[in-house]
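Novice: Structure in structure tokens, see below.
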Amino acid sequence: MLRSTATVAEAGVLPVIPAKRYFTIGEVSELCQVKPHVLRYWEQEFTQLKPTKRRGNRRYYQHHEVLLVRRIRELLYEQGYTISGARNKLEGGRNGGRRAPQVAGLSIGDVRGELLSLRALLNGDE
């Protein structure tokens, strides 16, 4: 039995994104459970969110932009970030603004150095 959109919204589960090339602002609003005026505001605040505009400034979002809207929504509504905090998190690069991961108390540079010395030892280059 199919669940209605109200039931899906109450459960806190976002609907599945259909396999389409472009989505209107109304469709993105339903898929992400965010009102259209909020989406327009987020376009101003998050530089990564740039839907294609056609015919009379109508917005058309691509699949990756719908995923980005969902990520912004998660940061703001579920994780409690502020707009600037969410912006910094998204712009943080590959590590999301975090330090490089450590392995057994060593930094990545230390591990790399150890691996290079092991390779030299195995090759007989000592």
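The values are calculated or read from the model by the stated rules, or taken from the named source; none is laboratory data. Remember, it's a predicted structure, so these values are computed and weren't measured experimentally. All Cβ positions, glycine included, derive from the backbone under ideal geometry; neighbour counts span all protein chains shown.
Novice: Within the range 48-81, work out how many residues are under 10 Å from the mean Cα position of the chain (by Cα) and within 20 Å of Lys20 (Cα to Cα).
Specialist: 8
Novice: Could you grab me the full set of residues in the range 40-73 that are part of a helix (DSSP H, G or I) and of a type in the set (A, V, I, L, M, F, W, C)?
Specialist: Across the range 40-73, the qualifying residues are Trp42, Val66, Leu67, Leu68, Val69, Ile72.
Novice: Filter the range 4-50 down to residues that are surrounded by 13 or more Cβ atoms within 10 Å (Cβ to Cβ) and of a type in the set (Val, Ile, Thr) and give me whichever is modelled with the lowest pLDDT.
Specialist: My answer is Val8.
Novice: Further question: For the range 54-69, indicate whether the set of residues that are surrounded by fewer than 18 Cβ atoms within 10 Å (Cβ to Cβ), closer than 20 Å to Pro15 by Cα and touching a helix residue (DSSP H, G or I) at 6+ places or on another chain (Cβ under 7 Å) is non-empty.
Specialist: The answer is no; no qualifying residue exists.
Novice: Restricting the search to the range 11-35, which residues are under 16 Å from Leu76 (Cα atoms) and either in contact with a strand residue (DSSP E or B) (Cβ under 9 Å, 6 or more places away or on another chain) or touching a residue at least 24 places away in the same chain (Cβ under 8 Å) (or both)?
Specialist: Correct list: Leu14, Cys32, Gln33, Val34.
Novice: I need the full set of residues from the range 32-63 which are in contact with a Gly (Cβ under 9 Å, 6 or more places away or on another chain) and of a type in the set (D, E, K, R), in order please.
Specialist: Selection gives nothing.
Novice: Moving to a separate point now. Out of Arg112, Arg98, which single residue is assigned to a loop (DSSP other than H, G, I, E, B), over 18 Å from Gln44 (Cβ atoms) and at pLDDT below 85?
Specialist: Arg98
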